[in-house]
Amino acid sequence: MKATQTKLEGCFILEPTVFEDERGYFFESYNEVKIEQILGYKPTFVQDNQSNSAYGVVRGLHMQTGEYAQAKLVRVVEGTVIDVAVDVRHNSPTYGQSITVELSADNKRQLFIPRGFLHGFSVISEKATFFYKCDNVYNKASEDGVYPLDETLNIDWLVPKEKMIISEKDQEAQSFEMFTNK
């Protein structure tokens, strides 16, 4: 497994070693020992989530706060997405900065997103199945988020605005300025 540290400390792009032959392919999608070597600690994943979405869907930007904060290991098992992580850790030198990574069934990349990040993705293929591990359980009272099209963040979701499908909840999410000033 190849690990690449992104510009956001603790956020890694993981690329598996893929073995292909006439039968298809095989790769190790998760190895606790290797993840611990990469991260410098052993995350305990307690919840797996999966979603399926059509082209143009933008999900996010979401996070869990407080004792229910979550680190995530995300990947795509069908289709292609643009995955986004925004650093919102207080006192971080990259506070408010984001990264975008193309994750697809073809490239088999994963993104590890530590606690203290907003997260979201957009679907740029006909459809996509998105899978992720979380190191903490979901708690509705601990939800937080930011409007995905916030101009301050200036995220390129690679979907024309008129073709975006955004939930009512995400359309009504707070601005990044409101999030920062609370």
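Run the dipole for region 93-182 about the Cα centre, Lys and Arg Cβ at +1, Asp and Glu Cβ at -1, nothing else charged, and hand back the magnitude in debye, nearest 20. Each step should come with its number before you reach the end.
Numbers: 10 positive and 14 negative charges, 76 e Å.
Dipole size: approximately 360 debye.
Can you list the HN-Hα couplings for region 114-125, worked out from phi with the Karplus curve (6.51, -1.76, 1.60; θ = phi - 60°), rounded to whole Hz and with x for Gly and Pro?
Karplus values, whole Hz, x for Gly and Pro: x, 4, x, 10, 6, 9, x, 7, 10, 9, 10, 10.
Only Cα pairs within less than 10 Å get springs; with that Gaussian network setup on the chain, which residue of ASN91, ASN139, ASN52 has the largest fluctuation?
Maximum among the listed residues: ASN91.
For a label point 7 Å from the Cα of MET178 along Cα→C-beta, name the residues of region 126-152 whose backbone N is under 18 Å from it.
Within reach of a label on MET178, which here means backbone N under 18 Å from a point 7 Å along Cα→Cβ, region 126-152 contributes 141-152.
Might you report the magnitude of the Cβ-based charge dipole of region 1-54 about its Cα centre, with Lys and Arg at +1 and Asp and Glu at -1, to the nearest 20 debye? Please report the intermediate quantities before stating the final value.
Numbers: 5 positive and 9 negative charges, 46 e Å.
Dipole size: approximately 220 debye.
Subtract the Cα-Cα distance of VAL18 and ASN49 from 0.36 nm times their separation in residues, and report this length gain in nm to one decimal.
8.8 nm
Every number in this text was worked out from the coordinates using simple rules, so none of it is lab data. For clarity, every value in this text was computed on a predicted model and none was experimentally measured. Methodologically, a virtual Cβ is constructed for each residue, glycine included, from the backbone with ideal geometry; neighbour enumeration extends over all protein chains shown.
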